[in-house]
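Read the structure below first, then the notes.
The values are calculated or read from the model by the stated rules, or taken from the named source; none is laboratory data. Note that the coordinates shown come from a computational prediction; the quantities given were computed from them, not determined experimentally. Using ideal geometry, Cβ is built from the backbone for each residue, glycine included, and neighbour counts are taken over all protein chains shown.
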Amino acid sequence: GEPMDKIGRGKIVGEEAMICDFAQYASFRTDGVSRIAAIPRPIFKGIAAKFRRDANRCQENIAMDLKRECAKYSKTKDKPGTYGKLSKARWEMCNYKLSMVEDGIQRSEQDVVTSLLFTALRGDASEVKHLIEGTGKSPDICDYDGRRAIHIASASGNLAVVQVIVELGGDVNVMDNFGSCAMRDALKNEQLDVADYLFSKGASLNLEDPGGMLCSIASKGDLSELELMLKYGVFADSADYDGRTALHLAAAEGFPPLVKLLLRYGASINAKDRWGHTPYSEAEVHGHPAILQLFSDHEAANLTVEVNEVEIQSTPRDPTSVIS
């Protein structure tokens, strides 16, 4: 083929293929006895893996240099068939190297993501920290499903990993492509220590339809799941598309434990759905005296608090303290 370049003393060649991990693009020929120092690819890859951030910067710098070199190409009107300062063969080689380098950068990015997710799954917090800091990548880099290390660690209960990710700037509310977040992953897999930590850092369940979710849980009488939803920030009076709340459903279905729980989290007895029905009227219509008693006791307790507050505010001063 056409000679691309002359190699002088101390010159480095083939670094693009080595650093970006693709096949060498040219052969080398000497016209006399020469001494060449070659680095075996496995050894170089090991070094690059140890110093990922530096290797990434090298790849980015190589891509920038190749783009600048390719930009020198320009066909001229008065000299058809010439390519500015580059021969056509060299310009084509430059473009080939650039495409291979960009592919290498993309593979490297995906390798980091894969390593980070598997390390998070194993629960190796120190290695997760090393990967993030060593590569300079965001803790929120994700795979093709939008899954991130914080999702994997939360689902598998690796609290130490979750803590490292958050400390390094990871987003506690970031969603994957399926609409799930770290908090939901933790609760789905009963990792309550992880859920507690995430909640303390501002995480939420990010439910699209919190009212519909609470109503569905209440209709099944699932006390433990309802308590988790309320504990981790879902508003007790969240309503579905008909304006019905979980308390409407719990009262209608006759679930006193759920009613007690919802009242404790501030659910309103007088919330109206689209037909004007309240939880109180639902309990009356469906004949649940135990729930009606709970509502009466709850109203009485609230009334007592209000009356006591009024009495405290209206208590006259001691007459003996009044100056005549």
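Checked against the criterion of being touching a residue at least 12 places away in the same chain (Cβ under 8 Å) and among the polar types (S, T, N, Q), the candidates S281, S268, S296 yield just one match: S268. Checking every residue in the range 241-249 against the condition of being exposed (fewer than 15 other Cβ atoms within 10 Å of the Cβ) and more than 19 Å from K220 (Cα to Cα) gives zero matches.
Each row is one residue, and each column tells you yes or no for (1) aromatic (F, W, Y); (2) under 28 Å from R57 (Cα atoms); (3) within 12 Å of the chain's Cα centre (by Cα); (4) not assigned by TED's automatic domain parsing to the domain that holds A55.
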position	(1), (2), (3), (4)
G134	no, yes, no, yes
P139	no, yes, yes, yes
C142	no, yes, yes, yes
G157	no, no, no, yes
M175	no, no, yes, yes
R184	no, no, yes, yes
S200	no, no, no, yes
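Within the range 214-236, if we keep just the residues that are under 15 Å from A252 (Cα atoms) and among the small types (G, A, S), the residue that is nearest to the chain's Cα centre (by Cα) turns out to be S216. Checking the stated criteria, I105 turns out not to satisfy the condition of being over 18 Å from E60 (Cα atoms) and β-branched (V, I, T). In summary, G157 fulfils each of the numbered conditions (1) at pLDDT 80 or above; (2) in contact with a Cys (Cβ under 7 Å, 6 or more places away or on another chain) with the single exception of condition (2). When you look at Y265, is it under 22 Å from K231 (Cβ atoms), in contact with a Leu (Cβ under 9 Å, 6 or more places away or on another chain), surrounded by 11 or more Cβ atoms within 10 Å (Cβ to Cβ) and at pLDDT 50 or above, yes or no? Judged against the criteria, Y265 is a match.
When the range 171-200 is filtered for residues that are among the basic types (K, R) and surrounded by 15 or more Cβ atoms within 10 Å (Cβ to Cβ), only R184 remains. For S99, the test of being assigned to a helix (DSSP H, G or I) and in the same structural domain as A17 (by TED's automatic domain parsing) is passed. Consider N270 carefully, then state whether it is surrounded by fewer than 17 Cβ atoms within 10 Å (Cβ to Cβ), of a type outside the set (G, A, S), touching a helix residue (DSSP H, G or I) at 6+ places or on another chain (Cβ under 9 Å) and assigned by TED's automatic domain parsing to the domain that holds V166. No; evaluated as a whole, the condition is false for this residue. In the range 211-235, the residues that are of a type in the set (S, T, N, Q) form Cβ pairs under 7 Å with partners that are in a helix (DSSP H, G or I), at six or more places apart or across chains, as follows: S219/L249; S219/E253.
Restricting to the range 127-145, name every residue that is closer than 13 Å to D54 by Cα and either charged (D, E, K, R) or touching a Cys at 6+ places or on another chain (Cβ under 9 Å) (or both). Listed by number, the residues that qualify are E133, K137. Taken over the range 211-233, the residue count meeting the criterion of being over 27 Å from E167 (Cα atoms) and surrounded by fewer than 20 Cβ atoms within 10 Å (Cβ to Cβ) is 11.
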